[in-house]
Each structure stands twice: as structure tokens, then as C-alpha cells.
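**Q** One structure coming up, written as C-alpha cells, with questions to follow.
Bear in mind these aren't lab numbers, they're just calculated from the coordinates by the rules spelled out. As the structure is a computational prediction, the values presented were derived from the model and not from experiment. Using ideal geometry, Cβ is built from the backbone for each residue, glycine included, and neighbour counts are taken over all protein chains shown.
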Amino acid sequence: MPSERPIYPFSALVGQERLKRALILNAINPRIGGVLIRGEKGTAKSTAVRGLARLLPHITVVADCPYSCPPDRPAMMCETCSARLRRGEELPVEERPTRLVELPVAASEDRVVGSLDLEHALTEGQRRFEPGLLAQANRGLLYVDEVNLLDDHLVDVLLDAAAMGVNTVEREGISVSHPARFILVGTMNPEEGELRPQLLDRFGLVVEISGLTDIAGRVEVIERRLAYESDPDAFVTQWQHEEDALAQRIIAARALLPAVTISRGDMAAVAALALELGVDGHRADLAILETARTHASWAGRTRLTVEDIRLAAELALPHRMRRQPFTEVRLDEARVGQILERVKGEMGDEAPSAGNVKKKLTA
């Protein structure tokens, strides 16, 4: 049988810096709440997601657990693994790559959340739970292409599981809960329909992308794609050094993240942004702060800067701002900068300190 074709390298993507930034920040910190990528067809949305999965570090799991439980973290285990551990049983352990689970548009709710194994019930007289895609995605990446074409209820289920880190299923007298901590990535083409605002708001970040508009950039896309199609293995080898460096930087940022602190000045700056830009609720405030502290860890710092908050606002605010029907909301980046600088002046030392942050993640 022919060998599997290598994945196009994430680091070989041309441009689309905001898209790459959003994906990498979620890879570092899934608590950001996932990312929705909105853009026209042919803008490397799926290529970027699959390339990101290749960068994620290997994980250690309980070998015979359908939920990929970590053998050394009881708080993150399913009920079965936790019970085995309490009994003093030695759990079988293996290391494997982080999974990328792709959810088909036509998937049923039972396929996603899990269902009752009817065959086992009929043959053995016992009711048994059959795990679904959310079980497979635990501690991995769940990719939903054309998320706007899914049933709203199913999108709601996915977002609930992503936010809570737990999937609860009640079927035929059986109630089962299992861990479901994953990086949620959705892609969509707005020409094919929109998500309801209530669902849009629950994605941590949203990125709007389009095709490159400069000749040099488009030529570079063509050259790299032709090189990849001509010899995928050689192309991947050519970019392996950049891929390894990016993967190591993600691991380092994950390790540094718990040490990143948020001051009251940071909170005040974010609150001012949300209020003055007309954002309802508090999800935007929390998403900006979580994203900003993740960006700080990516940059190797333990304190936030104005630039961290500004970059986070670009990803977390536009889809939450009030809009009139049939109008598109654009974030006024100059106004964002003015608000942050003003709050900084009012708060003095309590405000986030300015700093030089590299804007390109792959620099």
C-alpha cells in the first residue's frame, strides 16, 4: 500500500499572520476557548489546521482508555481510570501523537457525543456506552470544517464541551460523563451562511482571512505549493528545522504560561475596551485577558504589555461588537490603541507596561 502523504508544513504557509497567531495561541492555552476561521475558499484554512496538529507535542496516555487519560493526573482521568488507580492497579502507559479529530458535516449527535451500544445490550443483556468523537478528541484537536452548516444544537453541544472540559450524555437510563478537553477549531465560508450571534460569541477568537493581494506573496504561494506537489517528502524535510523550532517554542510557552500574572491595570484596560466599544456581557473581557497572557508566554514574558492586549483584542472583540443587520463590524485599531494608552496614563504603575513585542509569530 502507498505511504500516507506528508502534511503541508505549518511554517511554510505564506502570510496569514493573524490566522497563525490565533491557532498557535490556542495550541498553547486551550482555555482561550477555540478559534473560528472565517474566509473565502482557497485561503489555506484547512491546511493551517492540519499543519498545526503536526506541531503539537506527543502525549502520554493510559493505553487502553478510550478517553486518552493522563496516567499521572488523577484529576483529569475518567471514572474508570480513576477507580483502577484507587484500587492500586498499574495502568498501562503509552506515548502517542496528539490526535486531530475531524468532525464530518453530516455527523449525528450520537456520533459526536456517544451512544448506547445496542448490539451489546441485545446480546449480553447489559447497557454499555459507546464513546463518540468528543471522547477521541480529549487532549487533542477537534476540527469542524464548515461549522456554519452544522445544526445549531450540535454546535452548541461542541461549545459546551469545549468550555466545560466535560461531555455528559444521558441515553436510555444511562448517564455518562467523561473528560473532553480539546482545542476547538472551526472553519467556514461566510458566503455559505452565518452562525447565529449567540454561537459566534462563544468562540474565544474569530479570524477573518482572505487571499493575498500582492503579486510577490501570491507567486510565493504558487512556488511553495508546486514544490510540495512535486516532492512532498523533500518539501517537508526542507521545512523541518522551522517546524521543530516552532514546536519547541509552543512547549516552552505552555511551561511558562502558569507564571504569567495579570495586574489590575491590565483588567482595567480590557474593561475599558469592552465598555467603550459596545461589547455585551463579559466573555470578551475574559477572552482578551486569557489570550493576552498566552501571547506574553509566547513572547517569553511573565507580565502583560499593551501590545499583548491590543493583539488579543483584534482576535476577541470584532465578532462580539454590536452591529446593525446586514452590516460588517470592523475594529478601529487606532481607537483601541488610544483607549489603552489613556487607561495606562490614568492607572499609572498599575497599567500594563509598554513593550516591544514581535508581531510575527514565525519570526
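**Q** Compute the length gained on full extension between T60 and R96: take 0.36 nm times their separation in residues and subtract their Cα-Cα distance, giving the result in nm to one decimal.
**A** 12.3 nm is the gain from fully extending T60 to R96.
**Q** Using a Gaussian network for the chain with springs between C-alpha atoms less than 10 Å apart, which of these wobbles most: R38, R225, R283?
**A** In the Gaussian network model the winner is R225.
**Q** What are the ³J(HN,Hα) couplings of the stretch 57-73, residue after residue, when phi is run through the Karplus curve with 6.51, -1.76, 1.60 and θ = phi - 60°? Round to Hz, x for glycine and proline.
**A** Listing the rounded values in order: x, 5, 10, 9, 10, 6, 4, 9, 9, x, 9, 6, 4, x, x, 10, 9 Hz.
**Q** Between R128 and D152, what's the calculated FRET efficiency when r is the beta-carbon distance and R0 is 30 Å? Round to 0.05. List each step's numbers first, then the result.
**A** Working: r = 30 Å, r/R0 = 1.00.
The formula returns an efficiency of 0.50 here.
**Q** Then there's this: Skipping prolines and chain starts, which residues have an amide H placed within reach, meaning under 5 Å, of the one on V279, given they are 5 or more residues away or on another chain?
**A** none
**Q** Another question, then. Taking H placed 1.01 Å from N in the peptide plane, check which residues at least 5 places from N167 or on another chain put their amide H under 5 Å from its amide H.
**A** The list, which skips near neighbours in sequence, is H178, A180.
**Q** Rank the residues I32, I174, I288 as a footprinting-exposure proxy: fewest other Cβ atoms within 10 Å of their Cβ go first. Provide the component values of the computation, followed by the final result.
**A** Numbers: I32 26, I174 14, I288 32.
With the fewest neighbours first, I32, I174, I288 line up as I174, I32, I288.
**Q** Relative to the present Cα-Cα distance, how much length would full extension add between R254 and I222 at 0.36 nm per residue of separation? Don't skip to the answer; put the middle values down first.
**A** Working: separation 32, 0.36 × 32 = 11.52 nm, distance 3.39 nm.
Taking 0.36 nm per residue and subtracting the Cα distance, the gain is 8.1 nm.
**Q** Here's a follow-up. Collect residues whose amide H, placed 1.01 Å from N in the peptide plane, falls under 5 Å from the amide H of A63; neighbours closer than 5 in sequence don't count.
**A** Under 5 Å from the amide H of A63 lie the amide H atoms of V93, E94, each far enough along the sequence or on another chain.
**Q** With springs only between Cα atoms under 10 Å apart, run a GNM on the chain and tell me which of E243, E276, E90 wobbles the most.
**A** Comparing E243, E276, E90 in the GNM, the peak value goes to E90.
**Q** Provide the FRET efficiency to the nearest 0.05 for the V105-K41 pair, computing r from the beta carbons and using R0 = 22 Å.
**A** Details: r = 15 Å, r/R0 = 0.68.
Result of the calculation: an efficiency of 0.90.
**Q** Additional query: Taking springs between alpha-carbon atoms closer than 10 angstrom, which of L13, L116, L23 fluctuates most in the Gaussian network model of the chain?
**A** Taking springs between Cα atoms under 10 Å, the residue moving most is L116.
**Q** Shifting gears a bit: Taking the number of other C-beta atoms within 10 Å as the exposure measure, put H282, H319 in order starting with the fewest.
**A** Details: H282 10, H319 21.
Ordered by Cβ neighbours within 10 Å, fewest first: H282, H319.
**Q** What percent does the relative contact order of the chain come to when contacts are Cα pairs within less than 8 Å and at least six residues apart?
**A** That works out to 20 percent.
**Q** Looking at the stretch 181-215, which GluC sites (Glu not before Pro) are DSSP coil and have at most 12 other C-beta atoms within 10 Å of their C-beta? Before the final figure, lay out the partial values.
**A** On the way: sites: E191, E192, E194, E208; in loops: E194.
Sparse-neighbourhood loop GluC sites (Glu not before Pro): E194.
**Q** Grab the DSSP H runs of the chain that are 4 residues or longer, score each as -39,500 (n - 2.57), total them, divide by all residues and round the 222 nm result to the nearest 500 deg cm²/dmol.
**A** Numbers: 15 runs with 160 residues, N = 363.
So the calculated ellipticity at 222 nm is -13000 deg cm²/dmol.
**Q** For E333, put the label point 7 Å out on the Cα→Cβ axis and report which residues of the stretch 1-31 keep their amide N under 19 Å from it.
**A** Output list for this probe position: 14-25.
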